[in-house]
1. Go through A:333-341, B:150-158 and give me the packing order, highest mean Cβ count within 10 Å leading.
2. Tell me whether segment A:91-177 comes out rounded, prolate or oblate; compute the Cα gyration tensor, take square roots of the eigenvalues as a ≥ b ≥ c, and use a/c under 1.5 as the rounded threshold.
3. Let me check against my output: what whole-number percent is the relative contact order of segment B:3-67, with C-alpha pairs under 8 Å and at least 6 apart?
4. Per residue of A:442-449, what is the mean number of Cβ atoms on other protein chains within 10 angstrom of that residue's Cβ?
5. Can you pull the percent of Cα pairs in segment B:3-67 with separation above 20 Å?
6. Say the dipole of the protein assembly as shown comes from +1 at the beta carbon of Lys and Arg and -1 at that of Asp and Glu; which of A:ASN307, A:GLY270, A:SER141 then lies farthest toward its positive end?
7. Output the relative contact order of segment A:259-323, whole-number percent, from Cα pairs under 8 angstrom with separation of 6+ residues.
8. Could you work out Rg/(2.2 N^0.38 Å) for segment A:1-134, with Rg from alpha carbons only?
Amino acid sequence: MSFLDSILAGLTVVGNIEAFLALGIGVTIGVIGGAIPGMSATMAVALTLPFTFSMQPITGILLLLGVYKGGIFGGSIPAILIKTPGTPASSATILDGYPMAEKGEAGRALGMALWASCTADVVSNLSLILFAGWLASFALSFGPPEFFTLILFSLTIIAGVSGDSLLKGALSALLGLMLATIGLDLVYGTNRFTFGDPNLMGGLNFIAVLIGLFAIPEVIAMVWHPTAHVGKARSLGKNWVSFADYRRSFRSIIRGSLIGVFLGSIPGIGAAPSAFLSYSEARRRSKYKENFGKGEVEGVAASEAGNNGVAGATLIPLLALGVPGDVITAIIIGAFMIHGLQPGPMMFILNVDIIYGLFIGLIVSSVFLFFIGSVAIKGFKYVADVPRRLLVPGVLVLCIYGVFAVNNNIFDVGVMFAMGWVGYVMMRYQVPAAPFLIAFILGPLLEDNFRQSMLMSGSDPSILLRGPITWFFWTVTVITIVAIIRAGFRATRRKPVADKG
Amino acid sequence: MNARRAQLHLGVGACALSLLMIFWIIPVYVSSPSNVGNVILSPLFWPYTLAGLTGLTGLGLLATRVLLPADDAPLNDPIDDAPQAWLRLVVIAAIMLGAMLLMSRLGMVWTAMLCFAATAFLVRTRHPKAAVVCAIVIPLALYAFFAHVAGVAIPQGEVIRLP
């Protein structure tokens, strides 16, 4: 099938009003969800997921992608106006965004955040279109040993960079892998940890685990401390972003977008490190480096380009390899599965219409983001005024309905509550939840590929080193572990010196 | 709780979980066919490997906790009314448990209404009237969507049935 044929096939599935409506609604929900302090893009995507069950696969997935894109930008609005990042990725935006707001230039900062976000989004989507197909055709030559080493590498990097400690990340990933073993054994069909309950034979429901881990802990945290402070919103001011500002920051925007694309395409790194790296590179190379941290519009542009550049690129490993790059793409993979689709190299052959439909939808989402984002900036006051102590019970009720709707099973609601407490304990002990969830999703795949490799080789472990692809993944896994351990030791050595100073 | 103490709890917890898995849960709750020739292909292999790695991670957490600063800086933001906060946690756990027990008897909509109201008042909402209105409207709106648009069989309970 030629490129043009693929585009036409894609148009046949998204060339309807429902698909574009879903995308527009998704971006709106995402911007609002990201902008509400205490919500996040992750929670917005997770809570939207149950509403997609009754939709056509492409419509549902576009809705979620819209929420994702909108949520990442939406997080920058409270970061600039009330110094509270709506998403972790917006933390870098505070560095210059909030000082600009204090100077009465919040409108200019938000305008630049929007322009930089949309530009980075376009760059990221184009990279997805260029590289995903190429990577998928390369991945067609992967066998079980190659997939095993790829997943092991992904889990290592996710465990290593998600929190402040490799060991806490590893513990989280191991717990996720352990939870994934519940159910019938993949080869022999015998019971594993089912405790005689038929509800456990198919394993734990993924949506219940994910909503339990990411939404319920926020409810419990609110109950623990109901009066957690929320800052006062600054006014937008009279200044608005100009084309001259955009042109001045253009290099930083493109550099940040490319950093986002590179880091986003590696499973596990995510948007926050990308935003900080983009910001520090912009500060290093800018003519106005002395203004960084004091309210420099280029700083806002760089951090927003860095975090939005990731959004399309995280879909590269998801679509091409079936490996989610971060928590949000882990939720989106759940949407694919619910609709009977399995992301990975074979999807580029079997469901090329859906793949190209998604590409078209993603390009259109950048346009929607521009218009909806412009309105959202002006309407933030109303969003910020939503009382959190009414929002949180609403989230709880929505979680109950959403989780029940997956399988029409009250047992899943119980799983969600139980996982909520696990997530809350992890939150209190600062154990990152992302490795847990991604390990839970990839666990069966990891075990399955390992056992298939062993069956292929007659239990000879040397098959896991059978060729250049496996060597490559083993090498990068070892390099990642060494780099993370070294960084950890350096940080602990630096801390006492800083404390003394 | 400072960082060192938190890491001590995590390390001990991981080691305890590992031992529990290896000596009780896996042998009792994972069945393996007797004719499995190779240990690597056994359904027991993966759980034992993960349990062993969890134990090693726990030991790693215990060993590296000495590297953490010994100050008393708390890991989480301190809270003024700790005993009341614990009590609120107990109540939210009771609300969750109550929701599970009531759902099949009262139905999901009525249970969700009670859940909403109880949680809103538990977090001391400053908008009690709005909370009551939302407690009625939100579960009904969600019922309308899931039951009539998405075609989900929302549990109706034995008391009052909705159209």
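1. A:333-341, B:150-158
2. Taking the square roots of the gyration eigenvalues as a ≥ b ≥ c, segment A:91-177 is oblate.
3. About 57 percent, as a whole number.
4. That average works out to 1.
5. For segment B:3-67, the share of Cα pairs beyond 20 Å comes to 38 percent.
6. Working it through, the farthest residue towards the positive pole turns out to be A:ASN307.
7. So the answer I get is 50 percent.
8. 1.19
The numbers here are math on the coordinates, done by the rules we state, and not lab data. The shown structure was predicted, so the numbers you read here are calculated from the model rather than taken from an experiment. Here the Cβ is made from the backbone with ideal geometry for all residues, glycine too, and neighbour counts use every protein chain on show.
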